[in-house]
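The values are calculated or read from the model by the stated rules, or taken from the named source; none is laboratory data. Because the structure is a prediction, the values reported are computed rather than measured. Every residue, glycine among them, receives a Cβ derived from its backbone with ideal geometry; neighbour counts consider all protein chains shown.
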2 protein chains.
Amino acid sequence: MQKIGKQTIKFDAPPTVSECASIVGPKEADGPLCKYFDQTLEDEFWGEKSWEKAESKIIKETVSTLIGKSGVSTADVDMVIAGDLLNQCISSSFGLRDSNIPFLGVFGACSTFVESMSISAICVEGFAKNVICATSSHFCSAEKQFRFPLELGNQRPPTAQWTVTGSGAALISKSGNGPFITHITPGKIVDMGIKDANSMGAAMAPAFCDTLLTHFQDTGRNPSYYDAIISGDLGHIGKEISIDIMKSHGYNIKSNYNDCGVMIFDKASQDTHSGGSGCACCATVFSGYWFKQLQNKKVKKILLIATGALMNSTSSQQGESIPGIAHAISIEI
Amino acid sequence: MQKIGKQTIKFDAPPTVSECASIVGPKEADGPLCKYFDQTLEDEFWGEKSWEKAESKIIKETVSTLIGKSGVSTADVDMVIAGDLLNQCISSSFGLRDSNIPFLGVFGACSTFVESMSISAICVEGFAKNVICATSSHFCSAEKQFRFPLELGNQRPPTAQWTVTGSGAALISKSGNGPFITHITPGKIVDMGIKDANSMGAAMAPAFCDTLLTHFQDTGRNPSYYDAIISGDLGHIGKEISIDIMKSHGYNIKSNYNDCGVMIFDKASQDTHSGGSGCACCATVFSGYWFKQLQNKKVKKILLIATGALMNSTSSQQGESIPGIAHAISIEI
């Protein structure tokens, strides 16, 4: 692997995304991508006594599904790299504590899935045969932790997004027939001073554009190189802002750009306002939908850019703005 | 780099730890390692309005000190890999949001410093010239978040540890004269069912021993190979438990094993019970003390094993046990 330009890493022996798995909750099962997920849940608890325990079970079963589908034995997995939105990432650590695989915890808020894929790809070209990346989120545990108890029945503003309940996982391997991870562009933290914790798309859009512009500059590529440019969870509002920002820099991304948060829910019927969000948004939409599109050669080149808002409820209460980050990964066949 | 044995990675071109920096709070300044730190603070706020903002300032200034001492310009740093104990790792993301360096957030509780050094070393042998690793913790913000508000004046049990206020940072570089990172052994999650959140050393000791045993098996080394084997923050109780566990496996580590949590405070005079803990414990004691011992050739081979408890306050309230993890790194001249 080698660094090109300011921030991009180009792989000499591109790692393969050899398998993916995804499990989602009931609301995601009612959405337009339902048929692409491996499993859909009937309720938010899945037989557990708390939402946190349910979220741990979801990531555990997603990784278990991934290992089952891939046919790779646990002993042949060198590492699992995972994270989530819960305080101290307990969904991942409790969900994967029995996995018996070396564990690296990562946190990039909703950018975590692409962050874990990026580190996995570096490990695979470096020394590993197989690395698992996984993330999870849960609407109820996230609302409870970041906003208000659900029992209060607070009204959600139109800019709010709906945290995806689910988990997505990918197996990154040294050998395989693709799709291949050809480049990664890890992002910088970008903070434009937005303070509204109910307008995450607006807070993260500048980071998305910063990483996308850097990726184009570093690789010499332009929007038309990709069949699809996909952001993680900017939602409807963040997507529109990003199209405008990119236009002001001379790039027209409108025709081949979409957002996982826009794709996962039906805005007209599902009352999810600005769309989906959460660590699982990009993870399930990639693992469920985009990976299959690549496998079936319906798309051949995608740029997946997961976006994260690096705040917590204390920072908002202390009047802080919301720093955003975005990591990009090129996946090609 | 290559994988050897079950979990260890051996570097073919070992990355250099080219510089370190550390800043600590007033209690750490009263401890036996005071003279080794770059800066000591007179109070826990450092002119900020909250402990969280103070912790962000500490990691920011530590990274700034590191860059200043190293003489490397920010533009030549490929990545910063950082994490902390605050919810959603806000100390790192707020502290480093103006750094203008690509950022990867990591979370391994108090094992985070060695986790970030490990990923940094992989990146440096892979593609990077310079990577910064940094972690922070703060006694007051940690007590407030994980246990009780300090204003309550709760009594601390004898097994409790004292979260270190401070930050440690290291610059890992492709070229340099050492000390060199020769091996890393990323750990598995080990949960022996301990539920007492005031007895972290006991909860983490099994993970420490699991990683240490695996490191010995993978490398063919034994305790006497190292001038010092150093755990992150097992404290007095966890240290004794670890010596016993290792003895039961046929390894005598008593003569050359120490713990950063034991070293940073004076047990007799500082009322810190079982010793120091926190992301900054291992980070400041390595960056302050051990790095200088290596530079001055007072020790030539160390094995640093940072230990983490992967829980949060909600998991404890829901009756969960405390999963532990430990990551090891060999640093040699």
- Task: Could you check, for the stretch A:293-311, whether at least one of its residues is over 21 Å from A:I4 (Cα atoms) and small (G, A, S)?
- Result: yes
- Message: Looking at the structure I just gave you, is B:F265 in contact with a Ser or Thr (Cβ under 6 Å, 6 or more places away or on another chain) and either farther than 27 Å from A:V106 by Cα or in the same structural domain as B:A328 (by TED's automatic domain parsing) (or both)?
- Response: yes
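Kindly establish whether A:V114 is away from every other protein chain (no Cβ under 13 Å) and modelled with pLDDT of 95 or more.
No, not satisfied.
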- Task: Take the residues in the stretch A:127-141 that are in contact with a strand residue (DSSP E or B) (Cβ under 8 Å, 6 or more places away or on another chain) and over 14 Å from A:C281 (Cα atoms), then tell me which one is nearest to the other protein chains (Cβ to nearest Cβ).
- Result: A:F127
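Could you look through the stretch A:128-155, keep only residues that are touching a Lys or Arg at 6+ places or on another chain (Cβ under 8 Å) and in a loop (DSSP other than H, G, I, E, B), and pick out the one that is modelled with the lowest pLDDT? Before the answer, list the steps.
The first filter runs over the stretch A:128-155 and keeps only residues touching a Lys or Arg at 6+ places or on another chain (Cβ under 8 Å), leaving A:128-130, A:139, A:150, A:154.
With the extra rule that they be in a loop (DSSP other than H, G, I, E, B), the set shrinks to A:128-129, A:154.
Values: A:A128: 98, A:K129: 98, A:N154: 89.
Among those that are touching a Lys or Arg at 6+ places or on another chain (Cβ under 8 Å) and in a loop (DSSP other than H, G, I, E, B), it is A:N154.
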- Item | Residue among A:A328, A:A268 that is closer than 27 Å to B:G95 by Cβ and not in a loop (DSSP other than H, G, I, E, B) | A:A328
- Item | Within the stretch B:197-211, tally of residues that are farther than 13 Å from B:P186 by Cα and surrounded by 24 or more Cβ atoms within 10 Å (Cβ to Cβ) | 5
- Message: So, in the stretch B:156-204, how many residues would count as being among the aliphatic types (A, V, I, L, M), outside any strand (DSSP E or B) and touching a strand residue (DSSP E or B) at 6+ places or on another chain (Cβ under 6 Å)?
- Response: 5
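For the stretch B:62-76, name all the residues that are without any contact (Cβ under 8 Å) to a residue 60 or more places away in the chain and not basic (K, R).
As a first pass, look at the stretch B:62-76 and keep what is without any contact (Cβ under 8 Å) to a residue 60 or more places away in the chain: B:64, B:68-69, B:71, B:73-76.
Passing the criteria: B:S64, B:G68, B:G71, B:S73, B:T74, B:A75, B:D76.
Matching residues to (1) within 25 Å of A:I325 (Cα to Cα); (2) within 14 Å of chain B (Cβ to nearest Cβ); (3) among the β-branched types (V, I, T); (4) in contact with an Asp or Glu (Cβ under 6 Å, 6 or more places away or on another chain):
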position	(1), (2), (3), (4)
A:L96	no, yes, no, no
A:S99	no, yes, no, no
A:V124	yes, yes, yes, no
A:F146	yes, yes, no, no
A:P149	no, yes, no, no
- Message: I need the full set of residues from the stretch B:205-236 which are within 11 Å of B:I305 (Cβ to Cβ), out of contact with any Asp or Glu (no Cβ under 6 Å at 6 or more places or on another chain) and assigned to a loop (DSSP other than H, G, I, E, B), in order please.
- Response: B:Y226, B:G232, B:D233
- State the number of residues belonging to the stretch B:1-49 that are within 12 Å of chain A (Cβ to nearest Cβ) and free of Cβ contacts under 8 Å to residues at least 12 places away in the same chain. 4
- Task: Would you check if there is a residue in the stretch A:59-74 being assigned to a helix (DSSP H, G or I), within 13 Å of another protein chain (Cβ to nearest Cβ) and of a type in the set (D, E)?
- Result: no
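In the stretch B:181-208, what count of residues is obtained for those that are among the charged types (D, E, K, R) and more than 14 Å from chain A (Cβ to nearest Cβ)?
1
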- Among (1) touching a residue at least 40 places away in the same chain (Cβ under 8 Å); (2) facing chain A (nearest Cβ under 10 Å); (3) out of contact with any Gly (no Cβ under 8 Å at 6 or more places or on another chain); (4) at positive phi, which single condition is B:G178 missing? (2)
- Item | Flag if B:S277 is surrounded by fewer than 24 Cβ atoms within 10 Å (Cβ to Cβ) and either polar (S, T, N, Q) or more than 11 Å from the chain's Cα centre (by Cα) (or both) | no
